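Everything below concerns the one structure shown next.
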Amino acid sequence: MCDFPCRRVGYWWSEKKSRKLNAKELTAVCRASGLELVKLDINQSLEEQGPFSAIVHKMSDILVQAKKGNSQAKVVCKAVQDYIDSHPTMVVIDPLENVEKVLGRYEQYRIVNESEICDEGDIFIPAFVELTSMNVEENLAKMKLAGVDFPLVCKPTLAHGSTRSHQMCIIFNEEGLNDIIPPCVVQKFINHNAVLYKLFIIGQEYFVIERPSLKNFSASDQKTIFFDSNEISKPNSVSELTSLDDNESYTPTVWPEQKKMDNIVRVLHKYLGLDLLGIDVVIDNRTGHYAIIDMNVFPGYYEAGNFYHLLTNLVLNKIHLKESGMVEEPYKPKLIDHLSTPVLKIEESNKESTDVFHFWKDLKPNAMSPQATDCIHPIKQTLSASDPPEAMQCIVDKNLREVQNEMLLFQKQNDVQEDSGVETSDSCDEKKSKIYHRTVKHQHSKKYASNCTSLKEMR
């Protein structure tokens, strides 16, 4: 309870998400801002648990179950919606009807594909089509009509609701179409040098988090590769699927343009109407165009150190607008932070490469986040002053050669005495910048294919 009069905010999300979110810390941050956080029991009358100034939730999985016909889920969703309808002055983050827009991948792709963001061509949704049968000839015809060719990514149609929503595969040829499990969405695979950009949106503010991703592929007679998208893109993920092949020429990681990221956030907010949203973006290594490949409601903001404060501010602002009758200002995205992992060029004889997680002083005036340039210096060479501060050096500990791929080396490097220019929960002008190193051994994907679990074995 608050020690002074405060507004009550009901919240609901799964126990799994509760374990990842620090409820005690979130409650403390809310209390300090005059909000009392109350866990909702969605199986009981909300009227008896209220009143509430706002409700924050992640009911996407329950909405999916309701769409599948689950009677209990239908009752819960109707009861929650009825309560919302009977309290029009209450803030809801996010409205159930808006959450429903991104439950299915085909629908979310269609909405964005028909928006103005795809008009100029430098931001796009890779060609996609929904497949509802195992008929290969029928599916090939649908793919041809939609412009989907090999290699392609096959994803379950439902983007939420179960662990299966993250079970995907790369299909390289017509024979591989026998491995699909309909209903599914097949989408042209975009080569992007194994780098994924996750946009974590909180109201008008957002983070860009760089994550590992699938390496480059081409059409071939290779067997289908199955993977879990959550595992592939974990912050510390290191696998054969995320390591570029040794025979590929090195291409520096492309630093995304903030203007394009702002545009993606702005347009998707306009059409989806979601304040808590995650967007996955990759950059085509051939054209430099930005591909939106996935969206999800209320993602994990675990790398955003000040998420609790941003969420609290969002709720407070929404409540203030409701109570005052004021009209919300036009939506204007604001980049809060960009956590980057530029890849260092390696010597021909060295089978290791180094990713550097770094914060450094903003290199562009008036920018909202730390900036970086492509880091293509050999291992052990000091970074130039035009990149991170000259005190920072990229060093690989050669004693790590025998460590398994999954092992990460987090080594605190030279302290930087300048102001960091980055404001986060663990980094501010008064604190010293940190550099973290990750050692990744390059491996060949062909080894993976021979060890790949077949779909029939998975069944």
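Pairs linking a residue in region 157-173 that is part of a loop (DSSP other than H, G, I, E, B) to a residue that is of a type in the set (Phe, Trp, Tyr), with Cβ atoms under 9 Å and 6 or more positions apart or on different chains, are Thr157/Tyr106; Phe172/Phe150; Phe172/Phe217; Asn173/Phe150. Can you confirm whether region 218-233 contains a residue that is in contact with an Asp or Glu (Cβ under 7 Å, 6 or more places away or on another chain) and over 27 Å from Ser133 (Cβ atoms)? No.
Among the residues in region 119-127, are any at pLDDT 95 or above and part of a helix (DSSP H, G or I)? No: region 119-127 contains no residue that is at pLDDT 95 or above and part of a helix (DSSP H, G or I).
The condition of being over 25 Å from Glu257 (Cβ atoms) and within 19 Å of the chain's Cα centre (by Cα) holds for only one of Ala159, Ala194, that being Ala159.
Of all residues in region 177-199, those satisfying the criterion of being outside any strand (DSSP E or B) and in contact (Cβ under 8 Å) with a residue 60 or more places away in the chain are Asp179, Ile181, Phe189, Ile190, Asn191, His192, Asn193. Filtering Gly161, Gly121, Gly104, Gly176 for residues that are buried (at least 17 other Cβ atoms within 10 Å of the Cβ), of a type outside the set (A, V, I, L, M, F, W, C) and farther than 27 Å from Lys68 by Cβ leaves a single hit, Gly176.
Look at (1) of a type in the set (Ser, Thr, Tyr); (2) surrounded by 19 or more Cβ atoms within 10 Å (Cβ to Cβ); (3) over 23 Å from Tyr301 (Cα atoms); (4) out of contact with any helix residue (DSSP H, G or I) (no Cβ under 8 Å at 6 or more places or on another chain) and you find that Thr224 fails only one, number (4).
Of all the residues in region 95-118, those that are within 26 Å of Asn317 (Cβ to Cβ), assigned to a loop (DSSP other than H, G, I, E, B) and among the aliphatic types (A, V, I, L, M) number 0. Could you check, for region 278-301, whether at least one of its residues is surrounded by fewer than 17 Cβ atoms within 10 Å (Cβ to Cβ), under 17 Å from Ser18 (Cα atoms) and either free of Cβ contacts under 8 Å to residues at least 24 places away in the same chain or out of contact with any His (no Cβ under 8 Å at 6 or more places or on another chain) (or both)? Scanning region 278-301, I find at least one residue that is surrounded by fewer than 17 Cβ atoms within 10 Å (Cβ to Cβ), under 17 Å from Ser18 (Cα atoms) and either free of Cβ contacts under 8 Å to residues at least 24 places away in the same chain or out of contact with any His (no Cβ under 8 Å at 6 or more places or on another chain) (or both), so the answer is yes. I need a count of the residues in region 36-73 that are surrounded by 16 or more Cβ atoms within 10 Å (Cβ to Cβ) and more than 28 Å from the chain's Cα centre (by Cα). The number of residues fulfilling the criteria is 6. Among residues belonging to region 1-51 that are among the basic types (Lys, Arg) and free of Cβ contacts under 8 Å to residues at least 40 places away in the same chain, point out the one that is nearest to Asp61 (Cα to Cα). Of everything passing the filter in region 1-51, Lys16 is nearest to Asp61 (Cα to Cα). Taking the conditions exactly as written (farther than 24 Å from Ser233 by Cα, among the aliphatic types (A, V, I, L, M) and touching a residue at least 24 places away in the same chain (Cβ under 8 Å)), does Val136 satisfy them or not? Yes, satisfied.
The values are calculated or read from the model by the stated rules, or taken from the named source; none is laboratory data. Quantities reported herein were computed from a predicted structural model and do not represent experimental measurements. Here Cβ is always computed from backbone atoms with ideal geometry, including for glycine, and neighbour counts include all displayed protein chains.
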